[in-house]
Amino acid sequence: MSLRLLQEDVLFYQRFLKGQLFYTGELDGLWGRYTERATREFEQATVHLRDDIGAFDLRSEANIMTLTLTAQREARLFLKRVASLYGIKVKILSGTRTYAQQAQLYEQGRSTPGAIVTHARPGESHHNFGVAWDIGIFDSDGKYLTHDEPYNQVAATGLTDTLEWGGHWTTFVDRPHYGLRTNLTLAEIRTRFEEGATLTAIT
Ligand SMILES: [Zn+2]
């Protein structure tokens, strides 16, 4: 997922920008000068954050760009905290997914080939609102690690009061998953997102 792909779904992208007060136009799904201006300002703010906190590997960078600024800050600080862990490297492998991308992912293992990777339909995942990311952990040879232990180790170092971790979930334990902690239900976040209401109050 990249910011470019996010921008291809103009209505989704406008909601994403409006909730962060960058976009001031109508939620009409048409790319116009307000969308253009909001994009420029959003990208500038992203660069400032990167310069302030630090840059990471290219894959993580591409995914961080798809998050809201609040989540970008948290994701960068998280990566910074876990960067010193011995013998492993943490990368952000996914960030925001549009509703259309979530729909496609949901069908995987159901109507399309592959294993089931999500139980969330469009609008049912925190990834649909710019406030969640998934990590991958690699050893010093670059091998992708999937067993629980390193994920628990990263959580022990990386978690703060401002973050939610999928490893704490009981119905579907999801150790690679992190997101902003919020006192809103998923339905409340979804309603706000679709109205273009501010999401910065979530934290
Ligand atoms: Zn996730």
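For V173, only one of the following conditions fails: (1) out of contact with any Pro (no Cβ under 7 Å at 6 or more places or on another chain); (2) away from the ligand (no atom under 16 Å from the Cβ). What is its number?
Going through (1) out of contact with any Pro (no Cβ under 7 Å at 6 or more places or on another chain); (2) away from the ligand (no atom under 16 Å from the Cβ) one by one, V173 breaks only (2).
Quick check: is even one residue across region 113-121 within 15 Å of the ligand (Cβ to nearest atom), farther than 22 Å from T185 by Cα and surrounded by 13 or more Cβ atoms within 10 Å (Cβ to Cβ)? Quick ask: steps written out before the conclusion?
Residues of region 113-121 within 15 Å of the ligand (Cβ to nearest atom): 116-121.
Narrowing the set further to residues that are farther than 22 Å from T185 by Cα leaves 116-117.
Subsequent filtering for residues that are surrounded by 13 or more Cβ atoms within 10 Å (Cβ to Cβ) retains none.
Within region 113-121, not a single residue is within 15 Å of the ligand (Cβ to nearest atom), farther than 22 Å from T185 by Cα and surrounded by 13 or more Cβ atoms within 10 Å (Cβ to Cβ).
For region 1-19, which residues satisfy the criterion of being buried (at least 20 other Cβ atoms within 10 Å of the Cβ) and not aliphatic (A, V, I, L, M)?
F12, Y13, Q14, R15, F16, K18, G19
Does at least one position in region 111-129 carry a residue that is in a strand (DSSP E or B) and under 16 Å from the mean Cα position of the chain (by Cα)?
Initial filter on region 111-129 (in a strand (DSSP E or B)): 112.
From what's left, under 16 Å from the mean Cα position of the chain (by Cα): none.
Scanning region 111-129, I find no residue that is in a strand (DSSP E or B) and under 16 Å from the mean Cα position of the chain (by Cα), so the answer is no.
Residue by residue, here is whether (1) modelled with pLDDT under 95; (2) within 22 Å of T198 (Cα to Cα); (3) in contact with a Pro (Cβ under 7 Å, 6 or more places away or on another chain); (4) part of a helix (DSSP H, G or I) holds:
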| position | (1), (2), (3), (4) |
| --- | --- |
| Y23 | no, yes, no, no |
| Y34 | no, yes, no, yes |
| T39 | no, yes, no, yes |
| E43 | no, yes, no, yes |
| L67 | no, yes, no, no |
| L77 | no, no, no, yes |
| L93 | no, no, no, no |
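Out of (1) surrounded by 12 or more Cβ atoms within 10 Å (Cβ to Cβ); (2) more than 14 Å from the ligand (Cβ to nearest atom); (3) over 24 Å from K91 (Cα atoms), the odd one out for L186 is which?
For L186, the failing item is (2).
Condition first: under 21 Å from R73 (Cα atoms), of a type in the set (K, R) and in contact (Cβ under 8 Å) with a residue 60 or more places away in the chain. Can you find one or more residues in region 94-106 that meet it?
yes
Step by step: first the residues of region 125-169, then only those that are of a type in the set (G, A, S) and within 12 Å of the ligand (Cβ to nearest atom), then the one that is farthest from L11 (Cα to Cα). Which residue is that?
Only one residue tops the list, namely G167.
Of the residues L85, L105, which is assigned to a helix (DSSP H, G or I), out of contact with any Phe, Trp or Tyr (no Cβ under 9 Å at 6 or more places or on another chain) and surrounded by 14 or more Cβ atoms within 10 Å (Cβ to Cβ)?
Values: L85 fails: assigned to a helix (DSSP H, G or I).
Of L85, L105, the one residue that is assigned to a helix (DSSP H, G or I), out of contact with any Phe, Trp or Tyr (no Cβ under 9 Å at 6 or more places or on another chain) and surrounded by 14 or more Cβ atoms within 10 Å (Cβ to Cβ) is L105.
The values are calculated or read from the model by the stated rules, or taken from the named source; none is laboratory data. These numbers were taken from a predicted model, which means no experiment stands behind them. Methodologically, a virtual Cβ is constructed for each residue, glycine included, from the backbone with ideal geometry; neighbour enumeration extends over all protein chains shown.
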